[in-house]
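Undergrad: One structure, pasted below without further comment.
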Number of protein chains: 2
Amino acid sequence: MKNFRPEVLEEYCKNVLTASGVDEGCARTVARSLLDAELTGVSTHGVSRMGIYLQRLNAGLVSRENRICIVRESPSAVVIDAGNTLGAPSARFAMETCIRKAAETGCCFATVRNSNHFGTAAFYTRMAAERGMVGFACTNLTGKIAPYGSAEPFMGTDPISVAAPSETIPLVLDMTPSVVALGKLILAQKLGQPIPLGWALDREGNPTTDPAEGRKGSLIPIGGPKGSGLAIMVEVLSGVLSGAGCGPHLHDLYEFDAPQGVGHFLGAIDVSHFLDPAAFRSGLSQMVREIKGLRKAPGAEEILLPGERAARSAAAKQETGIDLPDPVYEELAELGRPYGLTL
Amino acid sequence: MKNFRPEVLEEYCKNVLTASGVDEGCARTVARSLLDAELTGVSTHGVSRMGIYLQRLNAGLVSRENRICIVRESPSAVVIDAGNTLGAPSARFAMETCIRKAAETGCCFATVRNSNHFGTAAFYTRMAAERGMVGFACTNLTGKIAPYGSAEPFMGTDPISVAAPSETIPLVLDMTPSVVALGKLILAQKLGQPIPLGWALDREGNPTTDPAEGRKGSLIPIGGPKGSGLAIMVEVLSGVLSGAGCGPHLHDLYEFDAPQGVGHFLGAIDVSHFLDPAAFRSGLSQMVREIKGLRKAPGAEEILLPGERAARSAAAKQETGIDLPDPVYEELAELGRPYGLTL
C-alpha cells in the first residue's frame, strides 16, 4: 500500500498519457476523471483504468488526438461525434456545451457517438450541479444485462446519473440498472465464494449462485421489468438517438477487436430558469434535512442521501491522500517507465 | 360485468364532469386520460377514479375552472402554476407546451406546481412519442416509500415515464420506484393473504409479510438505495424544482384535509434535432427486433418491451370494448344520476 496526494497522482497520470502521445487537454481530463473516481471512493473507475486505456491507445483502437466535433446544433440540442477520442474528454465537452447553452435557453441535451469508456457518470453531472444546474448523464456499454424475459445479455451495465445543487454538497445519484456490478461476480469468483440468488443468470437464463456461470450468463436488473426497462431507455438515448448503436454493435473495453463505438447522452437543466436558485437550494436542503430526520430502520446507522458517501470520501481523501494497493501502484508505476516518468 | 365502447365511457365521464360544473376542456382531458388508462390495461387509474375526483371537486378541494397559467417561460423551460386545476389538464398543457417549444429548440422541460393527481404518466409521454419526440414525465405524491435506511415513508410511489417513437408502437416505460404498488397490499389484505418479504416494511422498519402492517409502514424501493435514489430525484424535479414541495408537505388524494399541492416535471426531446427521424425510428425498431430475437429465459413465453403489453391491450379493447366489474359500473352510473345522466 502506498499513499499519494491526489494532485500528484493526477499529474502523473496526465504526464504518462501526454508522453504516450495523447493530446494534452484530453490527457488532463482523463486524469481528472480518474482522480475524481478515486476521491469519491469509486476506485474501480480510478487510476487502475490507466493500463487498459494505454493498451487501447497503443493498439490504435482509440485516437490520441482530440477529434471531438459538433455535427449539429440547435438552441437546446447538440449532436457530437467524438471521432473515437477518449471517452472522458468527449463527455466533458458535451456537458460543458450543455451547461453553456442551458444557461441561455433553460436546458440542453447532447448525444455523443463514436466514443469510449467515460469513467463515472457522476463526474459529468457534478459539473452541472457545481454550476447551479441539474445534470443528467448516461452511457451505453456492451451487453451484460438480459432484457426481462430473456436469457441473453443485451444492455450494458449502463450508468444513470442525476445531480442537483443544494446549500451544502450536491445530491448525486449514480447507479447501474443491475442488482450488482460485474465486479462483484469477479471478486466472488476470485475468492471462491458463491453469489446470492438474484444477482445473475447462467447462460440458459436460470438463476445461479456460481459467479463463473453468472459471468458467462447475464446480470439481473433491479426490480425485474423496471430495471430492464430503465436500461433499455438508456440504450435508446445513448445508443439509438446518438446513432452509436447498441447491444451487439458495441465493442468491449477489454477486447481488442475494434473501437468501442459507445454513445453517451448528457444534459443540463438550469435551475435559474425555473426558480430562484437560492430558493431551489434551500428547498433541496430542507428535503435532505427532513429525510435525514426520519426514524432509522433497524440496523441502519444513518440515512444517507445519494452522493453523500462520495462527498465524505472526497473530503477525507483530500486530507489523508489516496492509498493505492501494491498491485495497482506497481502497474501504474510500470506505465510511466518507458517514458522515464516515476511515481 | 358490463361492456362498453371506449368512446361511450369517455363521453359519459366528460358529461358527468361538465354537469358538475367542471370546465369543458378540463373535463374532456380527464375523461381522455381515464379511458387511456382503461385501454392500456391500467384500470387502477381508469374510470374508477371518477368517484374520488368528484368528491374532491364537490368538497371544494380542486378547482372546477381551468386556472392553469404559465408563470415563467424561456426558450426551453416553462414554469406552470396549475392553480389547483385537475391534474390531467395541467400535465397535458405542460406536455403540449414542451412539444411545441422542443420543435423549435430541440428540447423543453416544464415544472407544474399546485396540481393534483394526473393519472398515468404514460398518457403524457405517449403524446410526445406520437409527435416524433422522446417524452419524459414524473410526478410526486404523498409519502409511501421509505428512503433507504429509514423506517418512515417520505417519497410517493412517484411514476417515472419515458416514451420513444418507433416504426410500429412506441416504446413506453412507466414505472414506480417501489417493488410493488400499494394496490397489491390492499388486495392481499382484502383476500387475507400474506405478502412476500421484500414488498413492505412495518412501522418500525422491519420487513413484514402482513399487508396491514405494510400499509401502516412503507413500501420497499427496487434495488434498495437505487430505487430510493430514483424516487428522491423525482421529488427533486417534481417537488423542489417546481416549488410544490414534497413528503409531508403534500396531501393525499384520499384525505380531505387540503388540496393535494403535488408537482409534476415533464419534457420533450425532439428527435429531429438530433437525427433524421426515420433513421431514429428504424434504429429503435432494429433494437426491438434484436431484443425480441434473444433466447427466452426458462418459463418466459415472450420477451416484451416496455409499453408492448399496454399497446396490445389498447388494440384489443378498441375491438372488444371495455369490461367494467359490477361495483365499478354501479359507482360510475351513480355519479351521473344527480345530473340525469345515464350509463
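The values are calculated or read from the model by the stated rules, or taken from the named source; none is laboratory data. Worth saying up front: this structure is predicted, and the values here are computed from it rather than measured. Cβ sites come from the backbone with ideal geometry, for glycine too, and all protein chains shown count toward neighbours.
Undergrad: Report whether or not residue A:22 is within 24 Å of residue A:255 (Cβ to Cβ), outside the structural domain of residue A:267 (by TED's automatic domain parsing) and in contact with an Asp or Glu (Cβ under 7 Å, 6 or more places away or on another chain). Break it down into steps so the answer makes sense when it comes.
TA: Working: within 24 Å of residue A:255 (Cβ to Cβ): yes; outside the structural domain of residue A:267 (by TED's automatic domain parsing): yes; in contact with an Asp or Glu (Cβ under 7 Å, 6 or more places away or on another chain): no.
When the stated conditions are applied, residue A:22 does not pass them.
Undergrad: Within the range A:130-149, is even one residue in contact with a Lys or Arg (Cβ under 7 Å, 6 or more places away or on another chain) and surrounded by fewer than 24 Cβ atoms within 10 Å (Cβ to Cβ)?
TA: yes
Undergrad: If I filter the range B:259-296 down to residues being among the polar types (S, T, N, Q) and over 13 Å from residue B:164 (Cα atoms), which single residue comes out as farthest from the other protein chains (Cβ to nearest Cβ)? Explain how you work it out, then say what you get.
TA: Kept after step one, since they are among the polar types (S, T, N, Q), are these residues of the range B:259-296: B:260, B:272, B:282, B:285-286.
Right, trim to over 13 Å from residue B:164 (Cα atoms) and you get B:260, B:286.
Numbers: B:260: 18, B:286: 8 Å.
Filtering the range B:259-296 for residues that are among the polar types (S, T, N, Q) and over 13 Å from residue B:164 (Cα atoms), the one farthest from the other protein chains (Cβ to nearest Cβ) comes out as B:260.
Undergrad: Against the conditions (1) facing chain A (nearest Cβ under 8 Å); (2) surrounded by fewer than 24 Cβ atoms within 10 Å (Cβ to Cβ), where does residue B:311 fall short? Just the number, please.
TA: Residue B:311 satisfies every listed condition except (1).
Undergrad: Can you tell me which residue within the range B:188-202, out of those that are within 14 Å of chain A (Cβ to nearest Cβ) and of a type in the set (A, V, I, L, M), is surrounded by the fewest Cβ atoms within 10 Å (Cβ to Cβ)? Break it down stepwise before answering.
TA: Kept after step one, since they are within 14 Å of chain A (Cβ to nearest Cβ), are these residues of the range B:188-202: B:196-202.
Then drop every residue that is not of a type in the set (A, V, I, L, M), which leaves B:197, B:200-201.
On the way: B:197: 10, B:200: 30, B:201: 25.
Among them, the one singled out is B:197.
Undergrad: Select, from A:60, A:119, the only residue that is farther than 30 Å from residue A:288 by Cβ and either of a type in the set (Asp, Glu) or part of a loop (DSSP other than H, G, I, E, B) (or both).
TA: Working: A:119 fails: farther than 30 Å from residue A:288 by Cβ.
That would be A:60, the only listed residue that is farther than 30 Å from residue A:288 by Cβ and either of a type in the set (Asp, Glu) or part of a loop (DSSP other than H, G, I, E, B) (or both).
Undergrad: Does the range B:269-291 contain at least one residue that is within 28 Å of residue B:85 (Cβ to Cβ), in contact (Cβ under 8 Å) with a residue 12 or more places away in the chain and either surrounded by fewer than 19 Cβ atoms within 10 Å (Cβ to Cβ) or not acidic (Asp, Glu) (or both)?
TA: Within the range B:269-291, one or more residues are within 28 Å of residue B:85 (Cβ to Cβ), in contact (Cβ under 8 Å) with a residue 12 or more places away in the chain and either surrounded by fewer than 19 Cβ atoms within 10 Å (Cβ to Cβ) or not acidic (Asp, Glu) (or both).
Undergrad: Determine if the range A:286-309 includes at least one residue that is more than 19 Å from residue B:229 (Cα to Cα) and within 23 Å of the chain's Cα centre (by Cα). If you could, list the steps in order and put the result at the bottom.
TA: Initially, the range A:286-309 is screened for residues more than 19 Å from residue B:229 (Cα to Cα), giving A:298-299.
Still in the list and also within 23 Å of the chain's Cα centre (by Cα): none.
Scanning the range A:286-309, I find no residue that is more than 19 Å from residue B:229 (Cα to Cα) and within 23 Å of the chain's Cα centre (by Cα), so the answer is no.
Undergrad: Need at least 2 residues that are under 20 Å from residue B:122 (Cβ atoms) and modelled with pLDDT of 95 or more per element, so show me which helices (runs of 4 or more DSSP H) inside the range B:222-338 make the cut, counting only ones lying wholly within it. Talk me through it step by step, then tell me what you get.
TA: On the way: elements: B:225-235, B:277-292, B:308-320, B:326-336.
Answer list for the range B:222-338: B:225-235, B:277-292, B:308-320.
Undergrad: Are any of the residues in the range A:48-66 in contact with a strand residue (DSSP E or B) (Cβ under 8 Å, 6 or more places away or on another chain) and either assigned by TED's automatic domain parsing to the domain that holds residue A:163 or under 30 Å from residue A:309 (Cβ atoms) (or both)?
TA: Filtering the range A:48-66 down to residues in contact with a strand residue (DSSP E or B) (Cβ under 8 Å, 6 or more places away or on another chain) leaves none.
Scanning the range A:48-66, I find no residue that is in contact with a strand residue (DSSP E or B) (Cβ under 8 Å, 6 or more places away or on another chain) and either assigned by TED's automatic domain parsing to the domain that holds residue A:163 or under 30 Å from residue A:309 (Cβ atoms) (or both), so the answer is no.
Undergrad: Another question, if that's okay. Across the range B:158-170, what is the number of residues that are surrounded by fewer than 18 Cβ atoms within 10 Å (Cβ to Cβ) and β-branched (Val, Ile, Thr)? Give the steps one after another, and end with the answer.
TA: So the first thing to find is which residues in the range B:158-170 are surrounded by fewer than 18 Cβ atoms within 10 Å (Cβ to Cβ), and the list is B:167-168.
Adding the requirement that they be β-branched (Val, Ile, Thr) leaves B:168.
So the answer is 1.
Undergrad: Here is a follow-up. Identify all residues within the range A:232-244 that are touching a residue at least 60 places away in the same chain (Cβ under 8 Å) and at the interface with chain B (Cβ under 8 Å from one of its Cβ atoms); write none if there are none.
TA: Let us first name the residues in the range A:232-244 that are touching a residue at least 60 places away in the same chain (Cβ under 8 Å), namely A:232, A:234-235, A:237-239, A:241-244.
Matches in the range A:232-244: A:232, A:235, A:237, A:239, A:241, A:242, A:243.
Undergrad: Taking into account only those residues within the range B:171-187 that are assigned to a loop (DSSP other than H, G, I, E, B) and surrounded by fewer than 24 Cβ atoms within 10 Å (Cβ to Cβ), which is nearest to the other protein chains (Cβ to nearest Cβ)? Walk me through it before giving the result.
TA: Looking only at the range B:171-187, we keep the residues that are assigned to a loop (DSSP other than H, G, I, E, B), and these are B:176-177, B:179-181.
This time we only want the ones that are surrounded by fewer than 24 Cβ atoms within 10 Å (Cβ to Cβ), so: B:179-181.
Working: B:179: 6, B:180: 10, B:181: 11 Å.
Checked the range B:171-187; the qualifying residue nearest to the other protein chains (Cβ to nearest Cβ) is B:179.
Undergrad: If you don't mind, there's one more thing I want to ask. When the residues of the range A:2-22 are narrowed to those that are of a type in the set (D, E, K, R) and crowded, with 19+ Cβ neighbours inside 10 Å, which ends up nearest to residue A:327 (Cα to Cα)?
TA: Restricting attention to the range A:2-22, the residues satisfying the condition of being of a type in the set (D, E, K, R) are A:2, A:5, A:7, A:10-11, A:14.
The next check asks that each one be crowded, with 19+ Cβ neighbours inside 10 Å; those that pass are A:10, A:14.
Working: A:10: 18, A:14: 20 Å.
Looking at residues that are of a type in the set (D, E, K, R) and crowded, with 19+ Cβ neighbours inside 10 Å, I get A:10.
Undergrad: Still on this structure: Tally the residues that are in contact with a Leu (Cβ under 7 Å, 6 or more places away or on another chain) and modelled with pLDDT of 95 or more, restricting the search to the range B:180-198.
TA: Number of matching residues: 1.
Undergrad: With buried (at least 18 other Cβ atoms within 10 Å of the Cβ), facing chain B (nearest Cβ under 7 Å) and without any contact (Cβ under 8 Å) to a residue 24 or more places away in the chain as the only criterion, which of A:205, A:223, A:247, A:229 stands out? Reasoning before the result, please.
TA: Details: A:205 fails: without any contact (Cβ under 8 Å) to a residue 24 or more places away in the chain; A:247 fails: without any contact (Cβ under 8 Å) to a residue 24 or more places away in the chain; A:229 fails: without any contact (Cβ under 8 Å) to a residue 24 or more places away in the chain.
So the residue among A:205, A:223, A:247, A:229 that is buried (at least 18 other Cβ atoms within 10 Å of the Cβ), facing chain B (nearest Cβ under 7 Å) and without any contact (Cβ under 8 Å) to a residue 24 or more places away in the chain is A:223.
Undergrad: Go through the range B:70-100 and count every residue that is among the β-branched types (Val, Ile, Thr) and crowded, with 24+ Cβ neighbours inside 10 Å.
TA: Our first condition is that a residue be among the β-branched types (Val, Ile, Thr); within the range B:70-100, this holds for B:70-71, B:78-80, B:85, B:97, B:99.
Among the residues that remain, those that are also crowded, with 24+ Cβ neighbours inside 10 Å are: B:78, B:80, B:85.
Summing the residues that are among the β-branched types (Val, Ile, Thr) and crowded, with 24+ Cβ neighbours inside 10 Å in the range B:70-100 gives 3.
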